[in-house]
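The values are calculated or read from the model by the stated rules, or taken from the named source; none is laboratory data. Remember, it's a predicted structure, so these values are computed and weren't measured experimentally. Glycine gets a Cβ as well: all are built from the backbone with ideal geometry, and neighbour counts include every protein chain shown.
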Amino acid sequence: MDYQYLESNDQLAAFCDTIKNAGYCVIDTEFVREKTYYAVLALIQIATEKHMACIDPLTIDNFEPLVALLQNQDIIKVFHSPSQDLEILFQRFSCMPQPVFDTQLAAAVLGYDHQVGYADLVNQITGVKLDKKHTRANWSRRPLSQDEINYAMDDVRYLIPVYKTLTTELEDKNRYPWIEGDLIAMTSISNYQSETADLWRRLKGAQKLKGVELQIARHLCQWREQMAQQKNLPRRWVVKDDLIIEIARLKPAKTTDMDSIRDINERFIDKHGNRLLEIVATAQNSSKSDWPQHDVKQSLSTPQQALGDCLMALCRIIAEDNQIAVAALTTRRDIDNLITDRKNSRLSQGWRFNVAGEKLLDFIYGQSVLSVNDKRIQLSPRD
């Protein structure tokens, strides 16, 4: 093996001390969340150019050395598409790793496929084709087989050459500044704290509700969230989405009113019926001004839609000229926002403004014109 398997406090402390001056480390996690509200962190894989370790968080109880490492500003923490890893590490250790580097984001601004998967990126950069046979492994089971641990370590073993290649390309093309703001934003704690007042927006079927029905659904979702957290169960195991929708539509005033709801059982009504009635009554008695509303869909006029088509075509050309994935540069929503409300468009911010947004605004305000040269559209300054 070219790595250590760490399953004691002393082993973890020694490893963290060994790599404290590494400059960067690559990290991945394995977790299980199908049967719980909070994800069960089952493995943490960490590697530097000289050292690799697989940390078993199910057998270690003193993580202070690891927390110190994660918060060490002199060590860049490298992940691939890190949103879930960051959420779980924050949830488990109440700390946010900083600073971070995302190889998926870097790849997108360097011309690789947008949201390229780890295995594909490894294959494109190193030529190694990773085995996917343990993708659905139960990582909380013990003991894990040697083959499973080796598989998990591949998620950091090849991340090192990927990181080195991408950072070299970023420096050669002077594109590191393009992603600095996004990398900092990734570690904002607000990204990983749920706003209970807006949980109703995730309800499947919420678009069927309106007025006080949405207020009832909001209150029911908040109650469900509290129950799921207290019992450490998935939300759907507490109450399914379609049941919340039906209760919100029915607005029951007594428990027998819920008998008509399909798939509801007596045990559930006996256990939670009175509380649900209280929630429904409270929501109905709330001020109308407090009721949530669906977002109003942006409606563009026909000329604005045509302008958006032109801007999208220009973005494809700009993306090709800069050898980046067009999906990394913009979306149609970004373009529509640029037309109707410039401040809300990513094209008016950061590297996207420098690469494309400024050119698009020149076109919108008539300072440049669209032309065709050799069957290729291009922007030219207005004479």
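Structural remarks
A quick yes/no check of all residues on (1) modelled with pLDDT under 95; (2) buried (at least 20 other Cβ atoms within 10 Å of the Cβ); (3) touching a strand residue (DSSP E or B) at 6+ places or on another chain (Cβ under 6 Å):
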residue: N138; (1), (2), (3): yes, no, no
residue: A152; (1), (2), (3): no, yes, yes
residue: P161; (1), (2), (3): no, no, no
residue: E169; (1), (2), (3): no, no, no
residue: N191; (1), (2), (3): yes, no, no
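- Hey, R235 touching a Leu at 6+ places or on another chain (Cβ under 9 Å) and outside the structural domain of V355 (by TED's automatic domain parsing) or not: yes
- Taking the criterion of being in a loop (DSSP other than H, G, I, E, B) and either loosely packed, with under 12 Cβ neighbours inside 10 Å or out of contact with any helix residue (DSSP H, G or I) (no Cβ under 8 Å at 6 or more places or on another chain) (or both), the residues of segment 171-189 that qualify are K173, N174, S188.
- Of the residues examined, L105 is not one that is among the aliphatic types (A, V, I, L, M), farther than 17 Å from A47 by Cα and more than 23 Å from the chain's Cα centre (by Cα).
- Segment 24-36 - residue that is over 17 Å from the mean Cα position of the chain (by Cα) and among the hydroxyl-bearing types (S, T, Y) and, of those, modelled with the highest pLDDT: Y24
- Residue in segment 279-293 that is outside any helix (DSSP H, G or I), over 30 Å from the mean Cα position of the chain (by Cα) and not basic (K, R) present: yes
- Only a single item in (1) touching a helix residue (DSSP H, G or I) at 6+ places or on another chain (Cβ under 6 Å); (2) modelled with pLDDT under 95; (3) outside the structural domain of F363 (by TED's automatic domain parsing) is not met by A319, and it is number (3).
- Within segment 88-144, being closer than 30 Å to D321 by Cβ and among the small types (G, A, S) holds for A106, A107, A108, G111, G117, A119, G127.
- Segment 328-378, residues that are farther than 20 Å from W178 by Cα and surrounded by 17 or more Cβ atoms within 10 Å (Cβ to Cβ): D336, N337, I339, F363, S368
- Which listed residue, of I60, I44, I75, is touching a residue at least 12 places away in the same chain (Cβ under 8 Å), surrounded by 22 or more Cβ atoms within 10 Å (Cβ to Cβ) and of a type in the set (V, I, T): I44
- In segment 296-306, the count of residues that are crowded, with 16+ Cβ neighbours inside 10 Å, of a type outside the set (V, I, T) and over 22 Å from A108 (Cα atoms) is zero.
- For segment 243-275, filtered to residues that are among the acidic types (D, E) and surrounded by 15 or more Cβ atoms within 10 Å (Cβ to Cβ), the residue that is nearest to L214 (Cα to Cα) is E246.
- Given (1) modelled with pLDDT under 95; (2) touching a Pro at 6+ places or on another chain (Cβ under 7 Å), index of the condition S260 fails: (2)
- Residue within segment 104-117 that is surrounded by fewer than 16 Cβ atoms within 10 Å (Cβ to Cβ), hydrophobic (A, V, I, L, M, F, W, C), in the same structural domain as E30 (by TED's automatic domain parsing) and within 25 Å of E49 (Cβ to Cβ) present: no
- Residue within segment 315-324 that is hydrophobic (A, V, I, L, M, F, W, C) and part of a loop (DSSP other than H, G, I, E, B) present: yes
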